[in-house]
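What follows is one structure encoded as structure tokens, with my remarks underneath.
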Amino acid sequence: MNNDTLASLIPLLVVTAFLLYTGARRTVSALSRRRRELGLARSGVRAHGVVSAVHPMERSGRQPVTVRLQDARGGTWEAVDGSGTGGYLLREGTPVTALYAAQDQANVRVERAAFPGDPMRDYPLYRDGIPRPPSLVAALFPLAMSLVILGVAALVIANRTGTALAVIPPTFVLVGLGVLASASYRLLTDRSPRPEYSASATGAVTDSWTESKRVRRNNGGWRTVRVHPFTVYFQAADGREVHLRHPVATGGFAPAVQERLRLEYDPAHPPHYSLSDHPNAGRIPVLVPFFVGTVFVLVGTVLTFVF
């Protein structure tokens, strides 16, 4: 292997290291959350208590709360629920019903909370009963791509460039088919009702910041763009408070803190909302995996004919 080949492999190895780090971090986080949810599903016990502390909202969109619970024997303890409370803002002193793991009382998820001003009535924090688990496909995708790049680099180092070129196209096709299969499964098994935005309110931006992300150019290559995520707070007509990160961040809309925004929401589950005059998620979460999978399949097919 000559110096030119080695020099061409250095950028690939840098990208691989980044993908390995990102994929490993996402996978560990996703597996940890899934393990906690599995523990609650297997040995979860319901208990009543109150919110004893509300933590600052994380820019990831979750707002942890500390709850003080009491079990059937009268024992009390405190635990942190970091799942995000479904996008609702729970105040200190709010009566709640939580599920905790019998073998690990620190593993807690708040399921229901009392209506503001009416502790005799409560509501579910999650429309489907539990929060949607993190996608393992999204977590494992960077790891899979890093392994592909490492495999190609190993073949190049072994002076088997022809074999590397022959392996790349079917790999793209397989990855694309995997993404399409995963997206199709999630779409077919999603039984949650579609939200009806029949109520309106005015929300306020509680935090706004700038992030950099890399996007693909139309003519090839990559470029860095700056987007502006933000969090929104509003109060529903029945008094429930919502505080969550807006699902879409763009470079063209950068709201200021305390800026007022008009929105519509589902009165049955207010965290399902839509801004009136600004970008919304819409069908993006559903369409993006299908688009990515289709692109990988087409690129792999074209490369198969080329090489």
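When the residues of the stretch 17-42 are narrowed to those that are modelled with pLDDT of 75 or more and of a type in the set (Gly, Ala, Ser), which ends up farthest from Gln103 (Cα to Cα)?
If we take residues in the stretch 17-42 being modelled with pLDDT of 75 or more and of a type in the set (Gly, Ala, Ser), then Ala17 is farthest from Gln103 (Cα to Cα).
Hey, does the stretch 219-237 have a residue that's charged (D, E, K, R) and either surrounded by 13 or more Cβ atoms within 10 Å (Cβ to Cβ) or at pLDDT 90 or above (or both)?
In the first step, residues of the stretch 219-237 are kept if they are charged (D, E, K, R); the result is 223, 226.
When the remaining residues are screened for being either surrounded by 13 or more Cβ atoms within 10 Å (Cβ to Cβ) or at pLDDT 90 or above (or both), the result is none.
No: the stretch 219-237 contains no residue that is charged (D, E, K, R) and either surrounded by 13 or more Cβ atoms within 10 Å (Cβ to Cβ) or at pLDDT 90 or above (or both).
Got at least one residue in the stretch 35-48 being of a type in the set (Lys, Arg), exposed (fewer than 15 other Cβ atoms within 10 Å of the Cβ) and in a strand (DSSP E or B)?
First pass over the stretch 35-48, keeping only residues of a type in the set (Lys, Arg): 35-36, 42, 46.
Now narrow it down to the ones that are exposed (fewer than 15 other Cβ atoms within 10 Å of the Cβ): 35, 42, 46.
Right, trim to in a strand (DSSP E or B) and you get 46.
Yes, the stretch 35-48 contains at least one residue that is of a type in the set (Lys, Arg), exposed (fewer than 15 other Cβ atoms within 10 Å of the Cβ) and in a strand (DSSP E or B).
Give me the residue from the stretch 182-218 that is exposed (fewer than 13 other Cβ atoms within 10 Å of the Cβ) and in a helix (DSSP H, G or I) and, out of that set, modelled with the lowest pLDDT.
Thr189
If you take just the strands (runs of 3 or more DSSP E) that sit entirely in the stretch 68-149, which of them hold at least 2 residues that are closer than 16 Å to Val50 by Cβ, hydrophobic (A, V, I, L, M, F, W, C) and modelled with pLDDT under 90?
Details: elements: 76-81, 95-101, 104-115, 118-124.
Filter on the stretch 68-149 gives an empty set.
Would you mind telling me which numbered condition in (1) touching a strand residue (DSSP E or B) at 6+ places or on another chain (Cβ under 6 Å); (2) within 19 Å of Tyr233 (Cα to Cα); (3) modelled with pLDDT of 90 or more Gly61 fails?
Only one criterion in (1) touching a strand residue (DSSP E or B) at 6+ places or on another chain (Cβ under 6 Å); (2) within 19 Å of Tyr233 (Cα to Cα); (3) modelled with pLDDT of 90 or more is unmet by Gly61, namely (3).
The values are calculated or read from the model by the stated rules, or taken from the named source; none is laboratory data. All figures in this text were calculated on a predicted structure; none of them were measured in a lab. Every residue, glycine among them, receives a Cβ derived from its backbone with ideal geometry; neighbour counts consider all protein chains shown.
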